[in-house]
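The values are calculated or read from the model by the stated rules, or taken from the named source; none is laboratory data. As the structure is a prediction and not an experimental result, all values here were calculated from the model. Because the Cβ atoms are built from the backbone with ideal geometry, glycine has one as well, and the counts that use them run over all protein chains shown.
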Amino acid sequence: MFSAPQREPKIRGVHPSFPAFVRLAYVWLLVAALLGVVAALWDTSGGIWGASRHALTVGFISIMVLCVGQRVLPAFAGMRLLWSTRLMVAGLAFVSVGCTLRVSCEVLAYQGWANWAWSILPVSALLELTGLSAFALNIFGTFLFEPSHAQKEPLLVSLAPLAPGAHESCDGTSQREVRRVTAGTARSGF
């Protein structure tokens, strides 16, 4: 997980920090597991359990969803490009900082070790909400403002099934009649 990759990551269309945030999500998974073990041994007020759950749900799951979602959702929606890579990294940074504050201050506040930590918990919630809102805005901006590249590409439609005596060639093409149709006429049913 932390070794150098064998191939370059596929970051076309997303912010170059994408691989770092994916790895950060896995770090949060490890933190959640360690906090779970510590909570089973020493938690007296639920703070460590809460921090463990938050590290798992927001740290691991949410950051992974924000990373992978902004990478694949535009592709699933007609091969669009992400609307804003800056908004992507800003959203991920807000969620990461918010989660760091929440997990660390939740342990301190609930265990009664630092009363000042209670004032940080609402700030962490607002940071996480800002990050999730940036993700939603970026996805909506992608769907609304970025053109679909699939509309410009021709679509291949088969007119006749493969004949009984026909076979596929070495390159995977078959001996059947194929016609080019634009994506616009394919959607209209012709």
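Of the residues making up region 94-106, at least one is among the aromatic types (Phe, Trp, Tyr), over 13 Å from the mean Cα position of the chain (by Cα) and part of a helix (DSSP H, G or I). The residue list LEU87, LEU24, LEU73, LEU29 contains one member that is in the same structural domain as ALA109 (by TED's automatic domain parsing), at pLDDT below 90 and not charged (D, E, K, R), which is LEU73.
Per-residue answers, yes or no, for (1) small (Gly, Ala, Ser); (2) surrounded by 18 or more Cβ atoms within 10 Å (Cβ to Cβ); (3) modelled with pLDDT of 55 or more:
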position	(1), (2), (3)
LEU108	no, yes, yes
GLN111	no, no, yes
ASN115	no, no, yes
ALA125	yes, no, yes
GLU177	no, no, no
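Flag not set for GLY59, criterion: assigned to a loop (DSSP other than H, G, I, E, B) and in contact (Cβ under 8 Å) with a residue 12 or more places away in the chain.
Among the conditions (1) part of a helix (DSSP H, G or I); (2) under 21 Å from the mean Cα position of the chain (by Cα); (3) buried (at least 16 other Cβ atoms within 10 Å of the Cβ), the only one that LEU82 does not satisfy is (1).
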